[in-house]
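Chemist: I have a structure I would like to understand better, so I am pasting it below and will then ask my questions one at a time.
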Amino acid sequence: MGVTSLRAEVSGNTVVPDEVHGHTAVSAPAVPDKVEILALVERALSWDLDNSALPPVEDALELAKWFTAYGRIVAADLDVLLSDIPTDSHVGGGAQATLSEAGRRLTLKPLAPTAAPRSAARRTQNLARLIQALNRAVGRIGEEQVRSRPGGPPQRR
């Protein structure tokens, strides 16, 4: 699947002809929404790096770009959420570790288009796993906030 078809899969995009270069271009949003990103995360994690049928480098790098942009947004949200929980919270410690790792991985220099297919796919999978970890951390912080509210979570009967 080429980048054009990959981009066209993401909803909300418009496919327009590129008269200057004679091919079809896609106007894509800066970052797909969470549902679309999570579907792309699953796709990237389904790649078998030991198989010779790896995705085209162009596709892997496009996903890596989207995962990086989305990861930065979630990391910023997580950073704000962390400021609202006690510093001695077990959940906060794990979330802070995830945030630190995100700070490292999300600032790596993008791979060149000439990167080896396995390298591009590995980078993309690592970013996909980071997206999962960031989303888990945000969820756990949300649960912690509900538990720590006065009166705690609603009681089940």
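The values are calculated or read from the model by the stated rules, or taken from the named source; none is laboratory data. Source: prediction; values computed, not measured. Heads up, the Cβs are rebuilt from the backbone with ideal geometry, glycines too, and the neighbour counts pull from every protein chain shown.
Chemist: Inspect all residues belonging to the range 112-135 and state whether any of them is surrounded by 12 or more Cβ atoms within 10 Å (Cβ to Cβ), under 13 Å from the mean Cα position of the chain (by Cα) and assigned to a loop (DSSP other than H, G, I, E, B). Working first, answer last.
Modeler: Quick first cut of the range 112-135, residues surrounded by 12 or more Cβ atoms within 10 Å (Cβ to Cβ) only: 115, 117-135.
Retained after the next criterion (residues that are under 13 Å from the mean Cα position of the chain (by Cα)): 123-135.
Retained after the next criterion (residues that are assigned to a loop (DSSP other than H, G, I, E, B)): none.
The answer is no; no qualifying residue exists.
Chemist: Would you be able to tell me the number of residues in the range 31-57 that are in a helix (DSSP H, G or I) and over 10 Å from residue 121 (Cα atoms)?
Modeler: We begin by selecting, within the range 31-57, every residue in a helix (DSSP H, G or I); these are 34-45, 57.
Then keep just the ones that are over 10 Å from residue 121 (Cα atoms); that gives 34-43.
Final tally of qualifying residues: 10.
Chemist: On to the next question. Which pairs turn up if I take residues in the range 88-106 that are closer than 19 Å to residue 148 by Cβ and touching a residue at least 24 places away in the same chain (Cβ under 8 Å) and look for partners that are in a loop (DSSP other than H, G, I, E, B) and of a type outside the set (Asp, Glu) with beta carbon separation below 8 Å, at least 6 apart in sequence or on another chain?
Modeler: Pairs found: 91/85; 92/85; 92/86.
Chemist: Here's a follow-up. Search the range 34-51 for residues that are in contact (Cβ under 8 Å) with a residue 40 or more places away in the chain and pair each with any residue that is β-branched (Val, Ile, Thr) when their beta-carbon atoms are under 6 Å apart and the residues are at least 6 apart or on different chains.
Modeler: 41/131; 44/124
Chemist: If I filter the range 46-87 down to residues being among the acidic types (Asp, Glu) and farther than 30 Å from residue 150 by Cα, which single residue comes out as surrounded by the most Cβ atoms within 10 Å (Cβ to Cβ)?
Modeler: Going residue by residue through the range 46-87, those that are among the acidic types (Asp, Glu) are 48, 50, 58-59, 62, 77, 79, 84.
Now drop any that are not farther than 30 Å from residue 150 by Cα, which leaves 48, 50, 58-59, 62.
Details: 48: 9, 50: 7, 58: 15, 59: 22, 62: 20.
Per the criteria, the residue is 59.
Chemist: Residues 114, 124: which one is modelled with pLDDT of 95 or more, touching a Leu at 6+ places or on another chain (Cβ under 6 Å) and among the β-branched types (Val, Ile, Thr)? Walk me through it before giving the result.
Modeler: Numbers: 114 fails: touching a Leu at 6+ places or on another chain (Cβ under 6 Å).
One residue alone meets the criteria, 124.
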